[in-house]
1. Can you confirm whether the range 170-177 contains a residue that is at pLDDT 95 or above, surrounded by 21 or more Cβ atoms within 10 Å (Cβ to Cβ) and within 18 Å of the chain's Cα centre (by Cα)?
2. For the range 140-152, give me each residue that is in a helix (DSSP H, G or I) and surrounded by 22 or more Cβ atoms within 10 Å (Cβ to Cβ).
3. Have a look at Gln105, Gln56 and point out the one that is out of contact with any Cys (no Cβ under 8 Å at 6 or more places or on another chain), crowded, with 17+ Cβ neighbours inside 10 Å and either basic (Lys, Arg) or at pLDDT 95 or above (or both).
4. Within the set of pairs 6 or more residues apart or between chains, which connect a residue that is in contact (Cβ under 8 Å) with a residue 40 or more places away in the chain inside the range 125-151 to a residue that is of a type in the set (Asp, Glu) and outside any helix (DSSP H, G or I) with Cβ atoms less than 9 Å apart?
5. Is it the case that the range 153-161 has a residue that's buried (at least 17 other Cβ atoms within 10 Å of the Cβ) and either in contact with an Asp or Glu (Cβ under 6 Å, 6 or more places away or on another chain) or part of a helix (DSSP H, G or I) (or both)?
6. So which of Arg239, Arg166, Arg181 is closer than 21 Å to Ile65 by Cα, out of contact with any helix residue (DSSP H, G or I) (no Cβ under 7 Å at 6 or more places or on another chain) and basic (Lys, Arg)?
7. Determine which single condition Arg258 fails, assuming it passes every other condition in (1) in contact (Cβ under 8 Å) with a residue 40 or more places away in the chain; (2) within 19 Å of the chain's Cα centre (by Cα); (3) buried (at least 17 other Cβ atoms within 10 Å of the Cβ).
Amino acid sequence: MLRFGLCCLFKEEAITFRTTTAKVLLIVPRDRQLLKLSEICLHNALNLKLSLETVQRLGIGAFRIMSPLFPRMTHPEIGYSLNILPDGETISSILEACRLFAADQQIRLSFHPDQFVVLSSPHPAVVANSIKELQYQAMLAKMVGADVINIHAGGVYGDKQAALLRFSDIYNCLPESVRSRLTLENDDVSYTPEDLLPFCKEHSIPLVYDVHHHRCNPDNLTVEEATEQAGATWKSLGREQHCHISSPKAGWGSGSPRPHADFIDQGDIPECWLNRVMTVDVEAKAKELAVVKLREDVCVILGLS
């Protein structure tokens, strides 16, 4: 009943994604920029397809696509669109193949933009760049059939409610392609599930419940209550709940609990999750090895193997 998800990269599988920097690109003419970017985007599109084939082979039911799949696409000087790349048509056809494969194999796809995407920021330039990045990811999400673009609420800036009000104003102005996929996640420092649930209900935004973050940054809700109430934000929209799990590298009670461990400790699996229909992204350093092990551990717990 649980659909376990891999986050972006692989530990042992021969799958790689390339990137580049603005500094490298800015020293060459535009035609050479586009040629290099086209080569990288083609490579990454092919490896996305390989990623989906690999998670299907491994029995993994969801995949988080790396944000910079097409690097520097929103850069103010280097920005580009697929239709101006030499391999643009081929890249688009590969993404369509990814969409069809994921749909056929029931692999759920998502995006999780980097921390610089902050809609609650008091700085207009930060918000403008954030919107641009979300539009880019929504474009990709539509092409590959991803239904989740997950972000954090951002900073508190001395007034949590004022920050959420700014978020609300920006959210209402976002294009439908972004709003229909946008989700919020509780974090391990600033915003708890209890902080975000009223906001999510008011705006019909699903809450991605991160149980590790909740344990690092607790509130008045139990794990069971937070799971159920977060699930209701998905159920009201007729969508499958999405959660995150990880374990602390140093364990609980010895050092900071925030860094992620290689694998998921069985004791960190919420019992109330075991019989729920939902997607669980596994945020662990051992990547696909951790996802496969967690799936096997849960099968043992449930007496299925």
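The values are calculated or read from the model by the stated rules, or taken from the named source; none is laboratory data. Worth saying up front: this structure is predicted, and the values here are computed from it rather than measured. Ideal geometry is used to build each Cβ from the backbone, glycine not excepted, and the neighbour counts take in all protein chains shown.
1. no
2. Of everything in the range 140-152, those that are in a helix (DSSP H, G or I) and surrounded by 22 or more Cβ atoms within 10 Å (Cβ to Cβ) turn out to be Ala141, Val144.
3. Just a single option satisfies the conditions, and that option is Gln56.
4. Glu133/Asp114; Ala141/Asp147; Asp147/Glu240; Asn150/Glu185; Asn150/Asp281
5. So far as the range 153-161 goes, no, none of its residues is buried (at least 17 other Cβ atoms within 10 Å of the Cβ) and either in contact with an Asp or Glu (Cβ under 6 Å, 6 or more places away or on another chain) or part of a helix (DSSP H, G or I) (or both).
6. Checking each option against the conditions leaves just Arg239.
7. (3)
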